[in-house]
Amino acid sequence: MSLFDPSVCPRLIVKVGSALLIGPDGSVRRPWLAQLVADIAERIHAGQQVAVVSSGAIALGARRLALPKGGRACLEDAQAAAAVGQIALAGLWAEMLAAEGLTAAQMLVTLDDLEDRRRYLNASATLVRLLGLGVVPVLNENDSVATAEIRFGDNDRLAARVAQAAGAQGVLLLSDIDGLYDRNPALPGAVHIPRVERIDAEIERMADTGSASGMGSGGMVSKIAAARIAAAAGCHLAIASGRTDRPLATEARHTLFVAEKSAGARKAWLAGGLTARGTVRVDAGAARALGGGASLLAAGVTAIEGQFARGDLVQITGPDGRPLARGLAEYDSADALRLLGRRSDEQAAILGYAPRSALVHRDHLALV
């Protein structure tokens, strides 16, 4: 399976990390970027549509403003650096792509842009139209307005969410490491994992043991999280090293996370959500029922955490606290607490009005 084959992957999202784009001295690695852009042009001429998720705005802005600690000494410095760096980054991509006869478009997004359903659909429509016009969208998180509470925090997960919005079949995370290893690759005996069919606890353990370089804001844990989002949307994701010339021209060693059978667009959006207003914990019986495609009934709920309104996204966890699903609440948190563990035939008397059929209906629920 090749992410570079237009017949397999008509639409590809390429994520470029800061450490690849910006050198240790804070300057742009222009020769490398020119080769990557040449690769992108080659892919487009072969019939593939390509969008780029590019880091580097804060690093570029910090250098221009001579800010300490790469612009990350405080939130205000990071936001100022991003505001300056976003112009520089967009100009850089526009210049380099124009040299290959390609048109660039800039899209700055925040977490809320892709978590709010209406704004997500607007972003999706823009992306699809730009790609259809042969334009190369260049996306980045809008760090000039994002705060710790309302940000992706890494461009790995942003790339997976963009792929979902764009209806892409593949995501390529160009990194400073050539994929997932069963342990820190610096340790003796570390084994490279070329293909992952399913992300389970063992795969997550590999990421937790330090299979990342430590460069950038992501790391391997964020890449696994990105792979989950992509897989749930029916999108393959690969982690490959960008420390090579022409990184898209040949398929060097990498780790491919194989997509699941694609869910419907709404359920894929639910599964890929990163923010939840509250948490609903369920018992073992409810967990089994959810796995079989059932709605979540109040009788199987053991705990409610957080405050949420009807229609808010909530996370559903099993008896051990592990996430099982995400869905839209049919009740606010106050009424949900009143119904905790109660059978359906008791609920009208408790609420004083006819109850809804479920706490989270299966039509508005996605397993994770």
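Restricting to the range 114-140, count the residues that are in a helix (DSSP H, G or I) and surrounded by 18 or more Cβ atoms within 10 Å (Cβ to Cβ).
Of the residues in that region, 8 qualify.
Within the range 67-79, can one find any residue that is closer than 19 Å to PRO137 by Cβ, assigned by the TED database to the domain that holds ALA125 and under 25 Å from the mean Cα position of the chain (by Cα)? Please lay out each step first, then the result.
Taking the range 67-79 as the starting set, the residues that turn out to be closer than 19 Å to PRO137 by Cβ are none.
No: the range 67-79 contains no residue that is closer than 19 Å to PRO137 by Cβ, assigned by the TED database to the domain that holds ALA125 and under 25 Å from the mean Cα position of the chain (by Cα).
Identify, please: which residue in the range 177-197 is modelled with pLDDT under 90 and either touching a Gly at 6+ places or on another chain (Cβ under 7 Å) or basic (Lys, Arg) (or both) and is, among those, least open to solvent (accessible area, probe 1.4 Å)?
Top of the filtered list is ASN184.
Out of all the residues in the range 296-348, which are at pLDDT 90 or above, more than 24 Å from ARG228 (Cα to Cα) and of a type in the set (A, V, I, L, M)?
LEU297, ALA298, ALA299, VAL301, ALA303, ILE304, ALA334, ALA336, LEU337, LEU339, LEU340
Please state which of the following conditions ASP5 fails to meet, knowing it meets all the rest: (1) modelled with pLDDT of 95 or more; (2) under 25 Å from the mean Cα position of the chain (by Cα); (3) charged (D, E, K, R).
Of the numbered conditions (1) modelled with pLDDT of 95 or more; (2) under 25 Å from the mean Cα position of the chain (by Cα); (3) charged (D, E, K, R), the odd one out for ASP5 is (1).
Of all residues in the range 97-113, count the ones that are of a type in the set (S, T, N, Q) and either touching a Leu at 6+ places or on another chain (Cβ under 9 Å) or surrounded by fewer than 18 Cβ atoms within 10 Å (Cβ to Cβ) (or both).
Qualifying residue count for the region: 2.
Would it be correct to say that ALA227 is in the same structural domain as ILE199 (by the TED database), at pLDDT below 70, within 18 Å of ASP182 (Cβ to Cβ) and not polar (S, T, N, Q)? Outline the logic, then answer.
Details: in the same structural domain as ILE199 (by the TED database): yes; at pLDDT below 70: no; within 18 Å of ASP182 (Cβ to Cβ): yes; not polar (S, T, N, Q): yes.
Considered against the rule, which asks whether it is in the same structural domain as ILE199 (by the TED database), at pLDDT below 70, within 18 Å of ASP182 (Cβ to Cβ) and not polar (S, T, N, Q), ALA227 comes out as no.
Would you be able to tell me the number of residues in the range 324-346 that are out of contact with any Lys or Arg (no Cβ under 9 Å at 6 or more places or on another chain) and at negative phi?
14
Only one of (1) modelled with pLDDT under 85; (2) out of contact with any strand residue (DSSP E or B) (no Cβ under 8 Å at 6 or more places or on another chain); (3) buried (at least 23 other Cβ atoms within 10 Å of the Cβ) is not met by ALA165, so which one is it?
Here ALA165 clears every test but (1).
Tell me which of these LEU237 doesn't satisfy, since it passes every other one: (1) touching a Phe, Trp or Tyr at 6+ places or on another chain (Cβ under 6 Å); (2) open to solvent by 30 Å² or more (accessible area, probe 1.4 Å).
Status for LEU237: all satisfied but (2).
Give the residues of the range 339-368 that are touching a residue at least 24 places away in the same chain (Cβ under 8 Å) and among the aliphatic types (A, V, I, L, M), sorted by residue number.
Result: LEU339, LEU340, ALA358, LEU359, VAL360, LEU365, ALA366, LEU367, VAL368.
Among the residues of the range 89-96, is any open to solvent by 50 Å² or more (accessible area, probe 1.4 Å), at pLDDT 90 or above and part of a helix (DSSP H, G or I)?
There is at least one residue in the range 89-96 that is open to solvent by 50 Å² or more (accessible area, probe 1.4 Å), at pLDDT 90 or above and part of a helix (DSSP H, G or I).
How many residues does the range 296-314 hold that are open to solvent by 40 Å² or more (accessible area, probe 1.4 Å) and either touching a Ser or Thr at 6+ places or on another chain (Cβ under 7 Å) or closer than 19 Å to GLY285 by Cβ (or both)?
Here the count works out to 6.
Looking at the range 316-340, which of the residues that are closer than 21 Å to ARG277 by Cβ and open to solvent by 40 Å² or more (accessible area, probe 1.4 Å) is farthest from the chain's Cα centre (by Cα)?
Applying the first criterion (closer than 21 Å to ARG277 by Cβ) to the range 316-340 yields 316-318, 321-340.
The next check asks that each one be open to solvent by 40 Å² or more (accessible area, probe 1.4 Å); those that pass are 322-324, 332, 334, 337-338, 340.
On the way: ARG322: 19, PRO323: 17, LEU324: 18, ASP332: 28, ALA334: 31, LEU337: 32, ARG338: 35, LEU340: 33 Å.
Looking at the filtered set, the residue picked out is ARG338.
Given the structure, is VAL171 among the hydrophobic types (A, V, I, L, M, F, W, C) and in contact with a Cys (Cβ under 7 Å, 6 or more places away or on another chain)?
Spelling it out, VAL171 is indeed among the hydrophobic types (A, V, I, L, M, F, W, C) and in contact with a Cys (Cβ under 7 Å, 6 or more places away or on another chain).
Is it true that ARG343 is of a type in the set (Lys, Arg), crowded, with 19+ Cβ neighbours inside 10 Å and assigned by the TED database to the domain that holds ALA287?
Judged against the criteria, ARG343 is not a match.
Any chance you could count how many residues in the range 10-53 are open to solvent by 30 Å² or more (accessible area, probe 1.4 Å), free of Cβ contacts under 8 Å to residues at least 40 places away in the same chain and within 24 Å of the chain's Cα centre (by Cα)?
0
The values are calculated or read from the model by the stated rules, or taken from the named source; none is laboratory data. Quick caveat: nothing in here was measured; it's all calculated off a predicted structure. Cβ coordinates were reconstructed from backbone atoms using ideal geometry, including for glycine residues, and neighbour counts include every protein chain displayed. For the accessible areas, the whole protein counts, side chains as well, though only heavy atoms, and no ligand, DNA or RNA atoms are used. Shrake-Rupley method; radii C 1.70, N 1.55, O 1.52, S 1.80 Å.
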